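Accompanying notes for the structure given below.
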Amino acid sequence: MAPRITRIEVTEFSYPLEDVGTDENGFNLIYEPGSTLESSTLALRVHTDADVTGEYVLVTSTSSDQIATCAKYLVGRNPLKRERHWSELKRGLRKYDRMGMGPLDVALWDLAGKLYDAPIHELLGTYRERIPAYASTYHADDNGGLDSPEAYADFAEDCLELGYSGFKIHGWGGGDDAREVGREIETVRAVGERVGERMDLMLDPACEYETFADALTVGRACDEQEFFWYEDPYRDGGISQHAHRKLRQQLETPILQTEHVRGFEPFTDFIANEATDFVRADPEYDAGITGAMKRARVAEGFGLDVEFHAPGPAQRHCIAATRNANYYELALVHPDCDNTQAPVYEGGYTDQLDAIDDDGTVPVPDGPGLGVEYDWEYIEEHALGERTYE
């Protein structure tokens, strides 16, 4: 008899980020010694009449209203019919960005792995079991942390010594202060000159540059230092095919886009219209492991590489089943404060700076489902609220 979903629990909980604050606009996370930023996220449990529970704790944030819509649809249904559920929810959320689909889809994959007593990457089809990682930094600060081009270069060299083969700069951005673009270029050059011959280097302005001229000028600095990729420069939000195609025509450094392109079809169009070189996928942003793997397969068909966004167990399983991926993003890292993930993992799983082995790789969890154990006692002790759907 097929299993049936009997109840879905969604718990919001808080956790502190020590020595972390935000920039003047309140968006970018930066090092701020002595400060504590209270963050929060969601933890999901999908219960079934087969006495198997799918679990997932979000790495990033998403719409709780969309999660509610998805949960109401799923209760009473067979949790193994993921492709059918993905298609129905994709249509049902057609007026929205569909980011609420992802977390519950991951929980369904966790449930399936537990039911079949296999890790998710085996259900997907394992290609590898260790993944090279790159260090992906916090944004720049003026607080004694990543506060100068030299500080970034020092940290890149530290990461190289730890075993990382790649380093990505989240830097100064490009607001109305012209000095920010100048410091961005100085940082690109400082890091490139220090470790460029020994590491793959990336730059992610996080859509902060205000003009084509700024994006082009910084991109040419990346060309000089032979950067591995250049990601999301424009304030278009990373979604303009025309703008990024024009930028590609002027630069040698490969462009990486589609982190902020929601929807499978617009993602495919971005590739078909030659608006990027590398593409992004994320099991939370892109409608689950189901949606992220669709992106990976489309990219493979076009001969492109897909780079998965953010760290987490779901990302590790996806990359383990993807030939055309180069790196695992260990984010956000800093020489003086911890990563931004909630402290909810038991059993040794970690995404802190020291998570890599000497060869610069991270393992893929090999237990059933996601292969991680969550600290539900911590989650419940720090709960801000809970909703149950049944």
>> Charges on Cβ only, +1 for Lys and Arg, -1 for Asp and Glu, centred on the Cα centroid of the range 81-168; of TYR127, GLY92, THR137, which one is farthest towards the dipole's positive end?
In response: GLY92
>> Projecting each Cα onto the charge dipole of the chain (Lys/Arg +1, Asp/Glu -1 at the beta carbon, about the Cα centre), which of PHE27, ILE5, LEU146 comes out farthest on the positive side?
In response: ILE5
> Principal axis lengths of the range 174-312 from Cα atoms, whole Å, largest first?
Replying inline: 42, 32, 28
> Looking only at the range 234-275, which residues have a backbone nitrogen under 19 Å from a spot 7 Å from the Cα of GLU300 in the C-beta direction?
Replying inline: 264-265, 267-269, 271-272
>> Assuming 0.36 nm per residue, please report the length gained on full extension of the stretch ASP97 to GLU210 beyond their Cα-Cα distance.
In response: 38.2 nm
>> For the chain, take the convex hull of the Cα atoms, compute a quarter of its surface area, and give me that in nm², please.
In response: 18.0 nm²
> If you place +1 on the Cβ of every Lys and Arg, -1 on the Cβ of every Asp and Glu, and leave all else neutral, what size is the dipole of the chain about its Cα centre, to the nearest 20 Debye?
Replying inline: 2600 debye
>> Test of understanding: extend the Cα→C-beta vector of ARG4 to 7 Å, then name every residue of the range 92-124 with backbone N under 20 Å from that spot.
In response: 108, 111-112, 115
>> How high is the relative contact order of the chain? Use alpha-carbon pairs under 8 Å, at least six apart in sequence, and give a whole percent.
In response: 22 percent
> Using a simple charge model, +1 on the beta-carbon of Lys and Arg, -1 on the beta-carbon of Asp and Glu, nothing else, what dipole does the range 1-97 show about its Cα centre, in debye to the nearest 20?
Replying inline: 1140 debye
>> What is the sum of charges, Lys and Arg at +1 and Asp and Glu at -1, for the other residues whose Cβ falls under 11 Å from the Cβ of THR41?
In response: -2
>> So if I take the centroid of the Cα atoms in the range 59-81 and the same for the range 337-374, what is the distance between those two points in Å?
In response: 25 Å
> Among rounded, prolate and oblate, which fits the range 95-153 when a ≥ b ≥ c are the square roots of the eigenvalues of its C-alpha gyration tensor, a/c under 1.5 means rounded, and a/b larger than b/c means prolate?
Replying inline: oblate
> From the backbone phi of the range 88-102, what are the Karplus-calculated ³J(HN,Hα) couplings (6.51 cos²θ - 1.76 cosθ + 1.60, θ = phi - 60°) in whole Hz, Gly and Pro given as x?
Replying inline: 5, 5, 4, 5, x, 9, 5, 8, 10, 7, 6, 5, x, 6, x
>> If you average the C-alpha positions of the range 249-281 and of the range 123-183 separately, how far apart do those two centres end up, in angstrom?
In response: 22 Å
>> Of LEU304, PRO343, CYS222, which is farthest towards the positive pole of the chain's charge dipole, taken about the Cα centre with +1 and -1 on the beta-carbons of Lys, Arg and Asp, Glu respectively?
In response: LEU304
> Which links in LYS72/LYS114; LYS90/LYS168; LYS114/LYS168 stretch past 30 Å when you go from one Cα to the other?
Replying inline: LYS90/LYS168; LYS114/LYS168
> ³J(HN,Hα) across the range 324-335 via Karplus (A = 6.51, B = -1.76, C = 1.60, θ = phi - 60°), whole Hz, x for Gly/Pro?
Replying inline: 8, 9, 9, 9, 9, 8, 8, 9, 8, 10, 7, x
> In what sequence, largest accessible area first, do HIS382, HIS317 appear using a 1.4 Å probe?
Replying inline: HIS382, HIS317
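The values are calculated or read from the model by the stated rules, or taken from the named source; none is laboratory data. For clarity, every value in this text was computed on a predicted model and none was experimentally measured. No Cβ is skipped: glycine too gets one built from the backbone with ideal geometry, and neighbour counts run over all protein chains shown. Ligands, DNA and RNA are stripped out before the accessible areas are found, and what is left, the full protein with its side chains, is counted by its heavy atoms. Shrake-Rupley method; radii C 1.70, N 1.55, O 1.52, S 1.80 Å.
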